[in-house]
Amino acid sequence: MDYFANQENRSTIDIDLNILEEKANLLKALAHPVRLCIVKGLIEEEGCHVSHMQTCLDIPQSTLSQHLAKLRDVGILASKREGLERHYYVVNEQAIKIVNLLVED
């Protein structure tokens, strides 16, 4: 099948574009060295609280919060409140695969 020339299956191409846009947003979120570091660290630690991440990354809390928000917004991270702290976890399997491929030990 000629993917680009098939006008009869235009709705299929539209659906594919929506899926591709989601994938592109995932890649954009991971395309920053600090966010890549955050995700890799959370994969290895299986979750971590914000103050520990801030200390390890040596960045201001406001900067860390912006990066975490971006990763949450695209569905890479989820968080859970534990007392006064918020723990973050990687919940997106595609992100885990991508990061592990990019940052091999």
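Brief remarks follow.
- Computed from the C-beta positions of LYS97 and LEU57, the FRET efficiency with R₀ = 30 Å rounds to 0.85.
- Counting only residues at least eight positions apart within a chain, or on another chain, the lysines with an alpha carbon under 24 Å from that of LYS23 are LYS40, LYS70, LYS97.
- Taking θ as phi - 60° and the Karplus parameters 6.51, -1.76 and 1.60, the scalar couplings of segment 25-41 work out to 5, 4, 5, 4, 5, 7, 7, 10, x, 5, 5, 4, 5, 4, 5, 4, x Hz in sequence order, x denoting glycine and proline.
- Take every pair of alpha-carbon atoms less than 8 Å apart whose residues are at least six positions apart; their mean separation over the length of segment 66-105 yields a relative contact order of 27 percent.
- Taken over the C-alpha atoms, segment 28-105 has Rg and Dmax values of 11.5, 34 angstrom.
- Solvent exposure of HIS49, expressed as accessible area, is near 60 Å², computed with a probe of 1.4 Å over the protein chains only.
- Here the simple spin-label model places points 7 Å from the Cα toward Cβ, and for ASN18 and GLU85 these points are separated by 4.0 nm.
The values are calculated or read from the model by the stated rules, or taken from the named source; none is laboratory data. Remember, predicted model here, so these are calculated numbers, not experimental data. A quick note on method: Cβ atoms are made from the backbone with ideal geometry, for glycine too, and the neighbour counts reach across all protein chains shown. Only protein heavy atoms, including side chains, enter the accessible area calculation; ligands, DNA and RNA are left aside. Shrake-Rupley method; radii C 1.70, N 1.55, O 1.52, S 1.80 Å.
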